[in-house]
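**Student:** The structure follows.
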Amino acid sequence: MTIIRTTSATDTSTDTPSRAGTPTLVADRLVVRRAGRRVLDDVSVSLAPGELVAVVGASGAGKSTLLAALAGLTGLASGSVGLESPGNSLPGSPYGRVGLVPQDDILHLDLPLERTLRHAAGLRIAAGRSERAAAVLEVMTELDLEDRAGVLVGSLSGGQRKRASIAVELLAGPSLCLLDEPTSGLDPATARSLLVTLRSLAERGAGIAFTTHAVTDVQTCDRLVVLAPGGRLAYDGPPQLAPETFGVATLVDLYDRLATMASPVPSGPASGKASLGAGRRPPRPRTAVTRQSRVSKLEQFVVLTYRAADIVLHNRLTLAILLGSPAAVIAMFAILFRPGALTVGGDSSGAVMEAYWLAFAGFFFGLTFGLLQVCSEVPVLRREHQSGVSDAAYLGSKVALLAPVLLVVNAAMLVVLRLLDRLPALEGHTWVSLFVTLGLNSLVALLLGLLASAAVGSVAQAALALPMLCFPAVLFSGAMVPVPVMTSTGATIAAATPDRWAFEAIARHLDVARLLAADSPYADLGHASHATYWTALAAFGAVFAGAAYLVLRQRAR
């Protein structure tokens, strides 16, 4: 296939003062394969600071894949991507040089814009609070968002939200920025305003490349890169020369030409060097493009925890669910259980059920707290992972925020039930043991919920997963059907059910066995030691935490 590279009479391929010393992003003969076929086929392009480049092509031509490859976020079958400085000297670490704004929103909609950017700065900039605040103010001013600082991101217009997404990437001060379909879904006036913003960024020295389907988006660009079907580079040059080169009247006709292209593009005038050195270059050493966070994992953990708390406090519905559902369950327990059920002479079956429902309550609280945490943040999670944010720090922040809330909820449940005489008077160490068991069970369920939330694809799927995760805890805990009565398979499943161990531990704490007849199928409840039950629960927690981390890493890629 003949690649057409042209330059206009006004080509400014020499470095201007604003570009001097700033490295150029160079991709050489990129090949990307997926499912056995090439989605990028021998593509060589470059992007230098000060350029505004549009990437067009038919659907499926590999435009988004090209941006991901340029950002170092997709595997290459062959070829290389790197940074080159004007004097052939290699720049230092490329961290912060290349930013990628995906088509999906990468913002939390429930936070004010300025707070969102402050949290993003904390994850991207290894500096003090004042420096981060200055960076936030700078990008908001640069993108004309100062007057929207206190507005919730979800209340911003489409164009403002897209500029906010760009602001997140500009916080780290990249000299090169890639945008995937930035004008998609915007009305013409808003799209035109966004393009003016991109042109302004380029004039200030940033290299900007974006994909688009709208021909009106490319008119003011310095270069047009055209991808043909199969991910082949068909053209790289000034937009105004593209129609003539392809033998069509307008850029709109160019899309029709690409759609019917079954043979190599007819050759046309070529310079061997596209604007700012986009032509094919001889191989030379390059620095691989990567994105590594310079913010420590501990700092990331602190920022992510604070942000998670900020999101919960700003979302009244989430806050109401986190606090309201435990309150409703505790109220139902007060109505359900009779006073004195766990005292000598009380109903033994009622005592067993009360011990079980205490265990299940702790499990249910943890599961519901964790189940919606990750699935609603996948686009943000994926982008932050690509920016170098630690998955372990992200997972740890969720636990750090929610575990203390669960402890408070469990403590409140015990206090209320004791004040209403639904629990008997116990010695201090027994209360502590009971609290520890409930806390461990809630933590295990929280980690299970985070694992499920990371595994499902949407909030709706997470809601459907709730009963599927609760039913085993109900059926195989050993309360509804005693373990000795179960089949061997059922007993094996019961041993792998965390709530079974919590139920037996609570039965031991409350000394339920003293209320049971010797021939009761529940007679062996609580026969193991506290350490045995706690070790089992801790083991479940470790397994769920490790699995959640692995699934989280996979989803974030």
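**Student:** Pick from the stretch 524-557 the residues that are closer than 14 Å to Ile506 by Cα and modelled with pLDDT under 90: which of them is surrounded by the fewest Cβ atoms within 10 Å (Cβ to Cβ)?
**Tutor:** Among residues in the stretch 524-557 that are closer than 14 Å to Ile506 by Cα and modelled with pLDDT under 90, the one surrounded by the fewest Cβ atoms within 10 Å (Cβ to Cβ) is His527.
**Student:** A further question on this structure: I'd like to know if the stretch 449-463 contains one or more residues that are modelled with pLDDT of 95 or more and in a loop (DSSP other than H, G, I, E, B).
**Tutor:** Checked against the condition, which is being modelled with pLDDT of 95 or more and in a loop (DSSP other than H, G, I, E, B), the stretch 449-463 yields no hits at all.
**Student:** Ser89: surrounded by fewer than 22 Cβ atoms within 10 Å (Cβ to Cβ), at pLDDT 80 or above and farther than 30 Å from Val378 by Cβ, yes or no?
**Tutor:** The answer is no for Ser89.
**Student:** Okay, next question. Looking at Ala127, Ala120, Ala68, which is the one that is closer than 27 Å to Ala164 by Cα, modelled with pLDDT under 90 and part of a helix (DSSP H, G or I)?
**Tutor:** On inspection, the qualifying residue turns out to be Ala68.
**Student:** If Ala228 meets every condition in (1) in contact with an Asp or Glu (Cβ under 8 Å, 6 or more places away or on another chain); (2) assigned by TED's automatic domain parsing to the domain that holds Leu40; (3) at pLDDT below 90; (4) aliphatic (A, V, I, L, M) apart from one, which number is that one?
**Tutor:** Among (1) in contact with an Asp or Glu (Cβ under 8 Å, 6 or more places away or on another chain); (2) assigned by TED's automatic domain parsing to the domain that holds Leu40; (3) at pLDDT below 90; (4) aliphatic (A, V, I, L, M), the lone unmet condition for Ala228 is (1).
**Student:** Sticking with this structure for a sec: Can you find, within the stretch 517-546, the residue that is farthest from the chain's Cα centre (by Cα) among those that are part of a loop (DSSP other than H, G, I, E, B) and touching a residue at least 24 places away in the same chain (Cβ under 8 Å)?
**Tutor:** Per the criteria, the residue is Ala517.
**Student:** Among the residues of the stretch 213-224, is any under 26 Å from the mean Cα position of the chain (by Cα) and either assigned by TED's automatic domain parsing to the domain that holds Leu47 or at negative phi (or both)?
**Tutor:** Scanning the stretch 213-224 turns up no residue that is under 26 Å from the mean Cα position of the chain (by Cα) and either assigned by TED's automatic domain parsing to the domain that holds Leu47 or at negative phi (or both).
**Student:** Take the residues of the stretch 482-510 that are in a loop (DSSP other than H, G, I, E, B) and free of Cβ contacts under 8 Å to residues at least 40 places away in the same chain: which is farthest from Glu354 (Cα to Cα)?
**Tutor:** Per the stated criteria, the residue is Thr487.
**Student:** Oh, and also: Test of understanding: among Gly396, Gly388, which residue is assigned to a loop (DSSP other than H, G, I, E, B), under 30 Å from Ala126 (Cβ atoms) and out of contact with any Leu (no Cβ under 7 Å at 6 or more places or on another chain)?
**Tutor:** Gly388
**Student:** Moving on to the next point. Of the residues Leu443, Leu395, which single one is touching a Gly at 6+ places or on another chain (Cβ under 9 Å) and under 30 Å from His119 (Cα atoms)?
**Tutor:** Testing whether each residue is touching a Gly at 6+ places or on another chain (Cβ under 9 Å) and under 30 Å from His119 (Cα atoms) leaves just Leu443.
**Student:** Oh, and also: When both residues are 6+ apart or on different chains and their Cβ atoms are under 6 Å apart, which pairs have a first residue that lies in the stretch 436-455 and is under 15 Å from Tyr394 (Cβ atoms), and a second that is among the aromatic types (Phe, Trp, Tyr)?
**Tutor:** Leu446/Phe369; Leu447/Phe544; Leu451/Phe544
**Student:** Please work out if Ala445 is closer than 24 Å to Ala507 by Cβ, out of contact with any Leu (no Cβ under 9 Å at 6 or more places or on another chain) and either assigned to a helix (DSSP H, G or I) or assigned by TED's automatic domain parsing to the domain that holds Leu552 (or both).
**Tutor:** In short, no.
The values are calculated or read from the model by the stated rules, or taken from the named source; none is laboratory data. Predicted, not measured: the structure shown is a model, and the values here were computed from it. Please note: Cβ atoms are built from the backbone with ideal geometry, for glycine as well, and neighbour counts cover all protein chains shown.
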